[in-house]
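K.L.:
Next up is a structure, given as structure tokens.
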Amino acid sequence: MRAGTILGTAALLVAGGTAAYWFHLASQVSLPADRTAFVVLWLFAAALGVMAFFKRPGILGGIPATLSIIIGLFLPFTVYISPQALADGSIKVGDSLPDFSAPTDKGEVFDSSSLNGHLVLIKFFRAHW
């Protein structure tokens, strides 16, 4: 097996494994505040992919090397352009829910005051990519 093929495959394993773990954490809404390790691993995978091409990987090694470069550069870019900062005055766990009203999927009006006196978990999810 060519050295370029081995490097390309290793690069894809690093990029793919890191991305899979990232999306697992995103699905659990538990991405870390410091994302440096993810960015470093993705950029390392991209660098390995580039190095694979210097070792002439052939087609079998070129495909994973190319994919690792794409993943390794695209995902850090998305992390860079989408910081997840809380605005001043944001609602935090344990805070009282402010009064609001909004339409339901059936066109009826929902009023938050109808929840007074009940423990409620409201989850708003914003994608991290």
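The values are calculated or read from the model by the stated rules, or taken from the named source; none is laboratory data. Note that the coordinates shown come from a computational prediction; the quantities given were computed from them, not determined experimentally. Cβ atoms come from the backbone with ideal geometry, glycine included; neighbour counts cover every protein chain shown. Side chains are part of the model used for accessible areas, which takes the heavy atoms of the whole protein and leaves out ligands, DNA and RNA. Shrake-Rupley method; radii C 1.70, N 1.55, O 1.52, S 1.80 Å.
K.L.:
Among the residues of the stretch 83-96, is there at least one that is at positive phi and not small (G, A, S)?
P.N.:
Checked the stretch 83-96: no residue is at positive phi and not small (G, A, S).
K.L.:
Taking the residues in the stretch 21-35 that are in a helix (DSSP H, G or I) and open to solvent by 60 Å² or more (accessible area, probe 1.4 Å) as candidates, determine which candidate is farthest from F74 (Cα to Cα).
P.N.:
Among residues in the stretch 21-35 that are in a helix (DSSP H, G or I) and open to solvent by 60 Å² or more (accessible area, probe 1.4 Å), the one farthest from F74 (Cα to Cα) is S27.
K.L.:
Can you confirm whether the stretch 69-79 contains a residue that is out of contact with any helix residue (DSSP H, G or I) (no Cβ under 8 Å at 6 or more places or on another chain), within 30 Å of K123 (Cα to Cα), in contact (Cβ under 8 Å) with a residue 12 or more places away in the chain and surrounded by fewer than 17 Cβ atoms within 10 Å (Cβ to Cβ)?
P.N.:
Checked against the condition, which is being out of contact with any helix residue (DSSP H, G or I) (no Cβ under 8 Å at 6 or more places or on another chain), within 30 Å of K123 (Cα to Cα), in contact (Cβ under 8 Å) with a residue 12 or more places away in the chain and surrounded by fewer than 17 Cβ atoms within 10 Å (Cβ to Cβ), the stretch 69-79 yields at least one hit.
K.L.:
At positive phi and modelled with pLDDT under 95 - does that describe any residue in the stretch 38-55?
P.N.:
No, there is no match, as no residue in the stretch 38-55 is at positive phi and modelled with pLDDT under 95.
K.L.:
Taking the residues in the stretch 42-87 that are among the hydroxyl-bearing types (S, T, Y) and part of a helix (DSSP H, G or I) as candidates, determine which candidate is farthest from Y21 (Cα to Cα).
P.N.:
T66
K.L.:
What pairs come up if the first residue lies in the stretch 83-107 and is under 21 Å from G117 (Cα atoms), the second is charged (D, E, K, R), and their beta carbons are under 9 Å apart, counting only those six or more places apart or on different chains?
P.N.:
Matching pairs, first to second residue: D99/D111; F100/D111; S101/D111; A102/D111.
K.L.:
Kindly indicate which of G117, G94 is over 30 Å from the mean Cα position of the chain (by Cα) and loosely packed, with under 10 Cβ neighbours inside 10 Å.
P.N.:
G117
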